[in-house]
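The values are calculated or read from the model by the stated rules, or taken from the named source; none is laboratory data. Predicted model, so just to flag it, every value in this text is computed and none were measured. For neighbour counting, all protein chains shown are included, and Cβ atoms are generated from backbone atoms with ideal geometry for every residue, glycine included. Each accessible area value is taken on the protein alone, full model and side chains, heavy atoms only, with ligands, DNA and RNA left out. Shrake-Rupley method; radii C 1.70, N 1.55, O 1.52, S 1.80 Å.
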Amino acid sequence: MSQFPADSVGLVTPQRQTFSEPLQLACGRSLANYELVYETYGQLNASRSNAVLICHALSGHHHAAGYHSPDDRKPGWWDVCIGPGKAIDTNRFFVVSLNNLGGCHGSTGPSSINPDTGKAWGAHFPMIVVEDWVNSQARLADHLGIRQWAAVVGGSLGGMQALQWAIAHPDRLRHCVAIATASKLSAQNIAFNEVARQAILSDPDFRDGDYAAHGLVPKHGLGLARMVGHITYLSDDAMGQKFGRELRSDELKYDIKGVEFQVESYLRYQGQEFSQRFDANTYLLMTKALDYYDPARAHGGDLARTLEPVQARCLVMSFSTDWRFPPSRSRELANALIAARKDVSYLEIEADQGHDAFLLPIPRYIQALSSYMNRIEVDA
Amino acid sequence: MNLRADLQIIEKWISPGSHVLDLGCGNGELLHYLQSQKKVRGYGLEIDPDNINTCINKGVNVIEKNLDHGLDNFADRSFDTVVMTQALQAVHYPDRILEDMLRIGREAILTFPNFGHWRCRLYLGMKGRMPVSEFMPYTWYNTPNIHFCTFKDFENLCHERSVKILDRLVVDQTHQSSRLSAMWPNLLGEVAIYRVTR
């Protein structure tokens, strides 16, 4: 595998597991059976104590590290952090990364076939929330023989899952790493998600979610949703540095419909590219899951009380220019963990890149994650 | 375990199993010692990225925080002891920090350098310039130490704010206590270690 960098996990093959015991969902419905697609990197040790679960964010999937083929242009989405000698060191850890239920990268989701009808689930796929994801991930852990994760790690929506693991299955993880996340969305976050959803819902090709049955894809709406999302992932500075007011040609065209500024062109490209690889129903479901997550709701909004069951040691990290999940939200979480007298470290990383920073090789961030992960004890 | 000299003194004032907050915890030395030797649990607050990383390497709970931004995020009486070593003179509002320490903890332990030490007095008196020494190596314009005080000043503040001094130890730079410095602390003591409550 000499064609891959030395610190890459190299060529990986996704695996697939069918679960036939019904999964009761928070929405009241249940899934009679479902499939999860996942990848693993590194070796599970004899005591099965070195497993790390990676939870993905809104548009993520199971392919977190390595390459699917020697021709792949890019490695998995978190290759920066996962590999031999990297922050999540596959020489020490057995890393599991899955595509969440409701996703569109192989796990059962709106684009899968509903066994009852023989047609794609489409809009009829049940609502899945963070709690459901964690329960389905626990089933995957059972299947893999992992009683307790060394760590559950996630950024953004993935951080919510890591937190939910610590709350709902306190004895099944020793460490919880929650990056650029929050224990609940703010009104502004929900507002942005709602704009994204309305973009999709109002696309004439959406057809109430049954676009697949009509051979259609609501590309325009999904692209718009991604454009809005993308703006919130970057900081003002990052966008300024990347594009400024740069024009595509030398002079102004005074054309309302035309793409004149580079930033417009970039956003359109991002939107178009995304609409070709992502499923609109999944996008709706994932943004709703984000909106709904609020574990303290059941405890009268008292987050410290909600965190009482937590046994895992926690690492919470935020990025200075992240305005999607700003440092103040991570501080809220860290403060509640402190109030509940839980083990927690909190870092506020200086970074210009906004929310996207959690996916990027920012030296201090990577160093802190490495230091933290390296201290986690695992049997040889 | 080789503990910094002033920390060796402080350590004795912290009961086993207690809940401790260390303001400006540096490399986490004190908390690391306390959690391994005395089953103490707690958090260090720190602002320097390298120090923070050292704390993580040691398995010390560290919270990135600028002490000048206040300590409102900590609830009243949520800790047994709040410690602050060699930082009082570097914060924007030493009086507010002291108040906060006693709001958050049952007891507070503070250490700070004595600006009333005879060498400082002599330096200022003879040279007419702000004292610079091996121990306080900065010049007035670049020093992080913006609120120097003497032991008397500190004790006055405690008196004004009805803060009770439980213990006071006056030591030299090597943290040795002598009979002379015990007699004339404000003149001969270089570092003060106070344990206070309300």
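Measuring nothing but alpha carbons in the range A:189-287 and taking Rh as the Kirkwood radius, the Rg to Rh ratio lands at 1.03.
For the range A:212-340, the relative contact order works out to 27 percent when only alpha carbon pairs closer than 8 Å and six or more residues apart are counted.
Annotation: for a label point projected 7 angstrom from Cα along Cα→Cβ of B:ILE47, residues of the range B:108-143 with backbone N closer than 15 Å are B:142-143. Cross-link reach is defined here as a Cα-Cα straight distance under 24 Å, omitting same-chain residues fewer than 8 places apart; for A:LYS288 the lysines meeting it are A:LYS119, A:LYS184, A:LYS219. Using the Cβ-Cβ distance between B:ASN142 and B:HIS69 with R0 set to 22 Å, the FRET efficiency from 1/(1 + (r/R0)^6) comes to roughly 0.50. Taking every DSSP bridge with both residues inside the protein assembly as shown, close to 35 percent are antiparallel. Taking all pairs of distinct Cα atoms, average 1/r, flip it, and tell me the Kirkwood hydrodynamic radius of the protein assembly as shown in Å to one decimal place. By the Kirkwood definition, the hydrodynamic radius is 26.5 Å.
Along the Cα-to-Cβ line of A:MET127, 7 Å from the Cα, sits a label point; which residues in the range A:281-313 have backbone N less than 19 Å from it? What the label zone holds, given the 19 Å backbone N cut-off, is A:281-301. Ranking of A:LYS219, A:LYS86 by solvent-accessible surface, largest first: A:LYS219, A:LYS86 (1.4 Å probe, protein heavy atoms only, all chains present). Ordered from highest to lowest accessible area with the whole protein assembly present and a 1.4 Å probe, A:MET317, B:MET130 read as B:MET130, A:MET317. With protein chains left intact and a 1.4 Å probe, residues in the range A:183-307 average 54 Å² of accessible area per residue. Highest mobility in the GNM of chain B, judged by mean-square fluctuation with C-alpha springs under 10 Å and restricted to B:ALA87, B:ALA75, B:ALA108, is found for B:ALA75.
Pairing chain B with chain A buries about 1800 Å² of accessible area. This figure sums both sides and uses a 1.4 Å probe.
Note on the range A:63-129: percent of Cα-Cα distances in each 10 Å bin, starting at 0 and stopping at the bin with the largest distance, equals 19, 33, 25, 19, 4. Here the gap between A:ARG268 and A:LYS119, fully extended at 0.36 nm per residue and compared with their Cα-Cα distance, gives a gain of 50.4 nm. Dividing the helix sum by the residues of chain A, where each DSSP H run of 4 or more adds -39500 (n - 2.57), gives a mean residue ellipticity at 222 nm of -10000 deg cm²/dmol.
Its relative contact order, with pairs defined as Cα atoms under 8 Å and 6+ residues apart, puts chain B at 18 percent. Rounded to the nearest 20 debye, the dipole size of the range B:1-121 about its Cα centre is 440 debye, using +1 on the Cβ of Lys and Arg and -1 on the Cβ of Asp and Glu. Note on B:GLU134/A:SER320: beta-carbon distance plugged into 1/(1 + (r/R0)^6) with R0 of 30 Å gives a FRET efficiency of 0.25.
For the range B:1-123, the Kirkwood estimate of the hydrodynamic radius, built from every pair of different alpha carbons, is 14.8 Å.
In chain B, helical runs assigned H by DSSP with n ≥ 4 each contribute -39500 (n - 2.57); averaged across all residues and rounded to the nearest 500, the mean residue ellipticity at 222 nm is -9000 deg cm²/dmol.
For A:ILE190 and B:LYS152, the FRET efficiency from 1/(1 + (r/R0)^6), where r spans their Cβ atoms and R0 equals 45 Å, is about 0.20. Model label sites at B:LEU122 and B:ARG161, defined 7 Å from Cα along the beta-carbon direction, differ in position by 3.3 nm.
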